[in-house]
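Everything on this sheet refers to the single structure shown next.
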Amino acid sequence: MKTAIYAGTFDPITNGHLSVLNSAARLFDKVIVGVAADNNKKTLFTLEERTKLAEASTGHLSNVVVQEFSGLLVDFAKEQNASALVRGLRVVSDFEYEMQMAMFNKDLNGELETVFFIADAEHSFISSSQVRNIASLGGSIDKYVSQPVADALKAKYGQKNAE
């Protein structure tokens, strides 16, 4: 069984993430969405909230599971018997950072491959930070995220019609 890990902060998970995940789910037997506990970012959502939103957004994919992790991604990958890391590319500027991370991960674990996916064109510009910004200013984010994520963002920012 070929297992891949798609790791990130997912603060929150967006339709861009889901576009990459859909592609990965077609190629791998199992894809683990690894929600990172350790990061250098100040997140809007707690680890538990980010995990629940990822679960709610990926329930339609039978070979995808969501798990929290901390520490080095290569260690988590080894624990999960994963052979690949999934990374998404949106724009050319993503490539340099992602290539550097892939090289570090390969150096730390030579058995682990990094596979890059390009998000569908209509989702290629979406970033979690921009979605949070739009939501914080009361803008419509429904076409950028799943309904559970949209509801959670509206609730975080105290907008009407939030659940």
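No value in this document is a laboratory result; all are computed from the given coordinates. Everything numeric here is computed off the predicted structure, so don't read it as measured data. So basically every Cβ, Gly included, is an ideal-geometry build from the backbone, and we count neighbours across all protein chains shown.
What is the helix-to-structure angle for 147-156, meaning the angle in degrees between its Cα long axis and the longest Cα principal axis of the chain, kept from 0 to 90 and rounded to the nearest 10?
Taking Cα atoms only, the helix is inclined about 60 degrees.
Order by neighbour count: Phe45, Phe104, fewest other Cβ atoms within 10 Å first, most last.
So the ranking, lowest neighbour count to highest, is Phe104, Phe45.
What do you get for the angle between helix 47-58 and the principal long axis of the chain? Use alpha-carbon atoms, 0 to 90 degrees, nearest ten.
90
How high is the relative contact order of the stretch 3-124, in percent, with contacts defined as C-alpha pairs under 8 Å that are six or more residues apart?
32
At 7 Å along the Cα-to-beta-carbon direction for both Leu137 and Ser62, put a label point, then send me their distance in nm to one decimal.
Placing both labels 7 Å beyond Cα along the Cβ direction yields 4.3 nm.
Compute the length gained on full extension between Tyr97 and Asp29: take 0.36 nm times their separation in residues and subtract their Cα-Cα distance, giving the result in nm to one decimal.
Roughly 21.8 nm would be gained on extension.
Read through the labelled values [x] 13.7; [y] 9.2; [z] 10.7 and report the label of the one computed as mean projected area of the Cα convex hull in nm² from the structure.
Only one listed value fits the structure, namely [y].
Taking the Cβ of each residue in Ile141, Ile13, Ile134 as the centre, tally the other Cβ atoms inside 10 Å and list the residues starting with the fewest.
Exposure proxy ranking, most exposed first: Ile134, Ile141, Ile13.
Run the numbers for Leu108 and Leu72: contour at 0.36 nm per residue of separation, minus the present Cα-Cα distance, in nm.
12.0 nm
Any idea what angle helix 92-108 forms with the longest principal axis of the chain, computed on alpha-carbon atoms, 0 to 90 degrees, nearest 10?
40
So how strong a dipole does the chain carry about its Cα centre when Lys and Arg Cβ are +1 and Asp and Glu Cβ are -1, to the nearest 20 debye?
Result for the chain is approximately 360 debye, rounded to the nearest 20.
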